[in-house]
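Taking it in order: structure first as C-alpha cells, then the write-up.
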Amino acid sequence: MTDAAVALDPPAADPAATAPHGMPLYALLGFAAGLPFYLFSTVLALRLQAHGVALTVIGFFAWVQLLPTFKFVWAPLLDRYDVPGFARFWGKRRGWIMLAQLGIVAATVAMALTASDASLPLTALFAVLLAFWTTTLEIAADAWRIELFPTQDQQGPIVAANLWGYRGAMVAAGSGALLLADAGGWTLAYLAIAAAAFLPFPLLVATAPQPGRDARGGRWRALAAGLAAAVAILIALALVTAALGWLALSLAAAAGIGGASNVTPYVLALCLVPFVAMAAALPRIRRAAPGSRWRRSAALGPYVDFFWRYGGAAIGLMAFVSLYRMGDVLALNLSKPMIKEAGYTLSQIGRADSLIALGASVAGVGAGGWLVTRAAMPAALAMGAVVAAIGNLGFVWLAHRPAGEPALYLATAADQFGNGMAGAVFVVYLSLLVNPRFPGAQYAFLTGFAFLLPRLLAGAGGAIVGAIGYDGFFLLSGALSLAVLPFIPFLSRLRPRADDGVAA
C-alpha cells in the first residue's frame, strides 16, 4: 500500500458532502456492512446448534464478534494508507470500502463451502475473516461520515439513513439465510448472501472519480490494479489469520481450556484490564507536552489525544460506553438458540426476522435519529437505554408463553425497536466525542471499546445460561441496559479540554 502522506480526500469537494446526497450514499454503505453481520453471529449460532455443537462452544464462537472491538489496532492504517489501484481513481475511503467488500464476499463463500462444520477451527477461521472485513468496511465508512457531516444536526439524519441500510440488510440477510437454510441447506443460504453482498461493488465502481486524485489511466486500469492487489491482500491475511488461530488453539489446549471449561471468572478478570491500564497511563498522558512522542505518534497519537482531552473523566466515560449496549450484545448470540429450544422452527424464526424485525428496526432507528435532533443528548441516551431494556426483557416473557408466532413477532419487534433506537442515539453520541482530526481512529477506538466487555462476557454466555438459566440470563441483560442511567448526570456535565492542535 502506498504511503498516504498525501492529504485526506477533501470533504468539501466531495459530491457526497451534502445531506441530500449523503443519505442514499450512507444507506447503501449501511446495507453493504449489515448483510454479513448475522452470518458470523446469530445465524452461525443456529447453524452450529443444528450440527450438534455444545452450547458452551457456541458461546465461545461469540468471541468472533470480539474482532470489531479491536478495530482501533488497524484503523490508523485506513487513515494513513491508500489501497493500491482503487485509491488512484476512487480515493482513500472508497478504496478501502471496495477492498473490504471483496473480502466480505470471499469469506462468505468460504463459509458456504464449509457449511457442514466438520472442522470447527476452519469454521472459526472464515468467521473471523468475515468479521474482519465487515469491520474494515465500517471503519472506512464511519471515518468518511464524520469528515463529511461534523455536527449533531447533520449526524442525526445521516446516521439514521446508515442504520436503516445496515439494520435493514442485517435483518433481511438473517431472515433470508434462515428461510433458505430451512429450504435448501446452509450452503445455499451463505452463497445467496454472498451474491447480495457483492451488489454494491459494481455501483461503487460506476461512481465518479475522487476530486483531487490523479485519475490518469482511467477507471478500468484502476479497477484491474485494485483487483490484483485485493487478491494478494486477501490471501496474505487468510494465511496470517490461520497461523495466529493455530497458535491460539494450541495455547488454549496447553492451558487445559476446552468445551467443558468454565471460563467466566477469566473473562471477568480480563474485563478489568482495560480500566486498570487506562488509570495507570492517565497521569502521564495529561502531562504530555505538545511535542511529546506519545501525542505525535502516528500509531498512538489519536488515542492519546482522546485521553488528553477528557482526562480523569475518560475512565467514567469509557465505563458508560462499555455498558450502554451490553444488554443487547449479551442477548444477541443466545436469543435464537433460546427461541429454537422454545419450540419454534427455523422458518418461523426467519419470518419473525423478516418484515416484523425490519419494520420495527427501521422505526426504532428513525425514532433515535429524530430524538437526537430534538432532545439534549443525555435525555436521548437515557430514553434509548430504557427502551432497549424493555426489548431484552421481552425474551423472558416469550420463554413463558406457549409457542405461537404472534408472541414471537411481538417479542422480536420490541427487541428490534429498542436495539435500533438505542443504536442510533449511541452512534451520534460517539461521533460527537471524536476529535475531527482523527475521525477514523478515534471512532474505531470508541466503538471497539464499547463492545469489548459485552463481547467478552457474551463468549461466556453459554456457561452463564448453564448456571442461571435463560430466564436469569435475559433478566441480567435487561438490568445491564438500565445500569447506565446513573451515569447520565455525569455525562451532562462532561466537557473536554480545549484542543491545542497537535497533529499526529
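The apolar share of the surface of the chain, taken as the fraction of accessible area on carbon and sulfur atoms (1.4 Å probe, ligands and nucleic acids excluded), comes to 71 percent.
How charged is the neighbourhood of GLY462? Take every other residue with its Cβ under 15 Å from the Cβ of GLY462, and add Lys/Arg as +1 and Asp/Glu as -1. Don't jump to the answer; show the numbers that get you there.
Values: positive: LYS336, LYS340, ARG455; negative: GLU341.
Net of charged neighbours comes to +2.
So which helices of the chain fit the span-like rule, where a helix is a whole DSSP H run, its Cα atoms reach 27 Å or more along the axis, and its mean Kyte-Doolittle is at least 1.6? Helices passing the filter in the chain: 218-254, 377-399. From its DSSP helices (H runs of at least four residues, each -39,500 (n - 2.57)), the chain gives a residue-normalised ellipticity at 222 nm of -25000 deg cm²/dmol.
Protein chains only, probe 1.4 Å: how do SER116, SER477, SER297 rank by accessible area, largest first?
Accessible-area ranking of SER116, SER477, SER297, largest first: SER116, SER297, SER477.
Computed over region 392-484, relative contact order equals 44 percent, with contacts defined as Cα pairs under 8 Å that lie 6+ residues apart. Shape verdict for region 54-118, please, from the Cα gyration tensor: rounded (a/c under 1.5), prolate (a/b greater than b/c) or oblate. It comes out oblate by the Cα gyration axes.
Rg and Dmax of region 166-230, both derived from C-alpha coordinates alone, stand at 17.0, 50 Å. By the rule of a C-alpha distance below 21 Å, with chain neighbours fewer than 8 residues away ignored, the lysines paired with LYS92 are LYS71. Each part gets one Cα centre, and for region 438-500 versus region 364-425 those centres are 16 Å apart.
Leaving out ligands and nucleic acids, note down the accessible area per residue over the chain with a 1.4 angstrom probe, in whole Å².
Details: 19070 Å² over 504 residues.
That works out to 38 Å² per residue.
Taking all C-alpha pairs of region 265-418, those more than 24 Å from each other amount to 53 percent. Most tightly packed first, judged by the mean number of other beta-carbon atoms within 10 Å of their residues, the peptides 358-365, 373-380, 310-317 read 358-365, 310-317, 373-380. Averaging Cα coordinates gives a centre for region 19-67 and one for region 280-352; these two points are 18 Å apart.
The values are calculated or read from the model by the stated rules, or taken from the named source; none is laboratory data. None of these values were measured; they are calculated from a predicted model. Cβ: placed from backbone, ideal geometry, glycine included. Neighbour counts: every protein chain shown. Ligands, DNA and RNA are stripped out before the accessible areas are found, and what is left, the full protein with its side chains, is counted by its heavy atoms. Shrake-Rupley method; radii C 1.70, N 1.55, O 1.52, S 1.80 Å.
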